[in-house]
Amino acid sequence: VQPIEQQSEEERVKQAIIAMFEKTYKDSDKPIFGEKCQWRAIYHVLKEKELTDKTLCEFAEWVNSLVDENRVPCTEHSLRKKKGICYNKEKSRWESEDSGKSGNHMCQLLNRIDTVFRKELEILGL
């Protein structure tokens, strides 16, 4: 294993993504990453930090080559913007335009993944 400084940016991004699957909720055995929509947060962070120039389709194919069949697959659909849910740059968080329960639940998931993934990237110097 190469020291982090010698690894390519793409290698470090791969490590951060794989680490997301190994994270669990505090005081729980439940994985932090468990729903397809959460790929949207990861893709958004990578685009924002200019760590990927892949299209939705290319990103989904690339990510699925990293994950095994026991993990949540990435689909082009799961990366698309969801109606009523957007990223508020000023607040640096996902928000729902609709106060409905499903929108709030998705925003909670996206915000959790966003925060944890940013920390993973930071640890890896990205």
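The values are calculated or read from the model by the stated rules, or taken from the named source; none is laboratory data. Being a predicted model, the structure only gives us computed values, none of them experimental. Glycine also receives a Cβ, built like all others from the backbone with ideal geometry; neighbour counts cover every protein chain displayed. When the accessible area is computed, the model is the full protein with side chains, heavy atoms only, and any ligands, DNA or RNA have been set aside. Shrake-Rupley method; radii C 1.70, N 1.55, O 1.52, S 1.80 Å.
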Exercise for the section: Would you calculate, for the chain, the mean residue ellipticity at 222 nm contributed by helices, counting each DSSP H stretch of 4 or more residues as -39,500 (n - 2.57) and dividing by all residues, to the nearest 500? Expected result: -15500 deg cm²/dmol
Practice task
Compute the length gained on full extension between Gln6 and Ile18: take 0.36 nm times their separation in residues and subtract their Cα-Cα distance, giving the result in nm to one decimal.
Solution key: 2.5 nm
Exercise for the section: Round to the nearest 10 and give me the degree value, 0 to 90, for the angle of helix 101-123's Cα axis relative to the longest principal axis of the chain. Expected result: 20
Practice task
Please turn the phi angles of the range 60-74 into ³J(HN,Hα) values with the Karplus equation 6.51 cos²θ - 1.76 cosθ + 1.60 (θ = phi - 60°), one per residue in order, whole Hz, x for glycine and proline.
Solution key: 4, 5, 5, 4, 5, 6, 8, 9, 8, 5, 8, 9, 5, x, 9
Practice task
Could you tell me how many degrees, from 0 to 90 and to the nearest 10, lie between the Cα long axis of helix 9-22 and the main elongation axis, the longest principal axis, of the Cα atoms of the chain?
Solution key: 60
Problem - 10 Å Cβ shell holding at most 10 others, DSSP loop, trypsin sites (Lys or Arg not before Pro): longest site-free stretch of the chain - result: 27-80
Problem - Solution diffusion estimate, µm²/s, Stokes-Einstein, the range 57-102, Kirkwood Rh from C-alpha pairs, 10 °C, viscosity 1.306 mPa s - result: 125
Completion exercise
The percentage of the accessible area of the chain (probe 1.4 Å, all protein chains present) made up of carbon and sulfur atoms, to the nearest whole number, is 46
Handout entry: Label zone at His77 (point 7 Å along Cα-to-Cβ), backbone N below 12 Å, the range 19-51
Key = 36-37
Completion exercise
Over the range 9-126, with neighbouring protein chains present, the accessible area per residue in Å² at probe 1.4 Å is 61
Exercise for the section: Would you kindly derive the ³J(HN,Hα) couplings of the range 38-54 from the backbone phi angles with the Karplus curve 6.51 cos²θ - 1.76 cosθ + 1.60 (θ = phi - 60°), listing them in order in whole Hz, with x for Gly and Pro? Expected result: 5, 4, 4, 5, 5, 4, 4, 4, 5, 5, 4, 8, 6, 9, 8, 10, 6
Exercise for the section: Check each of the chymotrypsin sites (Phe, Trp or Tyr not before Pro) in the range 17-92 and keep only those in coil by DSSP with at most 11 other C-beta atoms within 10 angstrom; list them in order. Expected result: Tyr25
Practice task
Using label points projected 7 Å from each Cα along Cα→Cβ, tell me how many nm separate Glu50 and Glu35, to one decimal.
Solution key: 3.3
Fill in the blank from the handout: For the range 1-99, listing GluC sites (Glu not before Pro) in a DSSP loop whose Cβ sees at most 16 other Cβ atoms within 10 Å gives Glu35, Glu50, Glu69, Glu90, Glu97
Completion exercise
The farthest towards the positive end of the charge dipole of the chain, of the residues Gly103, Ser92, Val116, given +1 on Cβ of Lys and Arg and -1 on Cβ of Asp and Glu, is Gly103
Practice task
For an R0 of 30 angstrom, estimate the FRET efficiency from the Cβ-Cβ distance between Val67 and Lys91 and round to the nearest 0.05.
Solution key: 0.50
